[in-house]
1. Can you tell which of Ile40, Leu11, Val77 lies farthest toward the positive end of the dipole of segment 2-84, using +1 and -1 charges on the Cβ of basic and acidic side chains (Lys, Arg; Asp, Glu)?
2. May I ask you to derive the FRET efficiency for Arg28 and Glu67 from their Cβ-Cβ distance with R0 = 25 Å, giving the value to the nearest 0.05?
3. Which whole-number value in Å² is the accessible area per residue of segment 2-84, probe 1.4 Å?
4. Short version: ³J(HN,Hα) in whole Hz for each residue of segment 41-48, in order, from phi by Karplus 6.51 cos²θ - 1.76 cosθ + 1.60 (θ = phi - 60°), x for Gly and Pro, what are they?
5. For segment 2-84, which whole percent of the accessible surface, found with a 1.4 angstrom probe, sits on carbon and sulfur atoms?
6. How far, in nm, would the chain grow between Val77 and Leu21 when pulled straight, counting 0.36 nm per residue and subtracting the alpha carbon separation?
7. Can you work out D for segment 2-84 in µm² s⁻¹ from Stokes-Einstein, where Rh is the Kirkwood radius over C-alpha pairs, the temperature is 37 °C and the viscosity is 0.692 mPa s?
8. Rounded to the nearest 20 debye, what is the charge dipole size of segment 2-84 about its Cα centre when +1 sits on each Lys and Arg Cβ and -1 on each Asp and Glu Cβ?
Amino acid sequence: MQLQSLILPLLIVLLAVPLFLQARKQKRAMAEQQKLQNSITAGDRVMTTSGVFGTVVSTSDDTIDIEIAPGMTTTWVRQAVREKVETEAAEAPAVEAPAEESATEETKVEDKAETEVAESAEKQKTS
């Protein structure tokens with residue numbers, strides 16, 4: 001009889017804990033998004049929720065003006081900004097590094113292949 005009396009409280013706890021954790025996670029994400037939207041200033045490169053990239057030209061309390069092409073400025077609600085984007089100059093070295101690594105790996109593979117060819121040629125001479 002004691003086991004049956006514990007099932008209902010245990011079931012409530014098993015359902016309440018994930019709901020509580022999800023609410024905390026969502027609250028934290030909303031706080032981060034609010035912090036991002038409040039930190040937007042002129043000159044920042046941003047991406048909107050619809051995937052449009054642009055540079056912030058001016059800001060007001062509820063809206064921001066984004067230059068999406070030279071001379072083309074559009075007005076957006078602050079909440080439409082998904083994230084700040086790093087400038088292309090900062091991303092360029094990160095893109096080049098893997099290319100150098102792959103070139104180094106290709107060189108290692110070529111050197112290994114040359115070594116194997118030389119070893120097999122040497123074995124054929126000795127036999």
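The values are calculated or read from the model by the stated rules, or taken from the named source; none is laboratory data. Keep in mind it's a predicted model, so treat the numbers as computed, not measured. Positions of Cβ are generated from backbone atoms using ideal geometry, with glycine treated the same way; all protein chains shown enter the neighbour counts. In case anyone asks, the SASA skips ligands and DNA or RNA and just uses the protein heavy atoms, side chains included. Shrake-Rupley method; radii C 1.70, N 1.55, O 1.52, S 1.80 Å.
1. Farthest along the dipole direction, towards plus: Leu11.
2. Result of the calculation: an efficiency of 0.20.
3. Working: 6240 Å² over 83 residues.
About 75 Å² of surface per residue is accessible.
4. For segment 41-48, the Karplus-derived couplings read 10, 4, x, 6, 8, 10, 10, 8 Hz, x marking Gly and Pro.
5. 63
6. That pair, Val77 and Leu21, stretches by 17.1 nm at full extension.
7. 213
8. The calculated dipole for segment 2-84 is roughly 440 debye.
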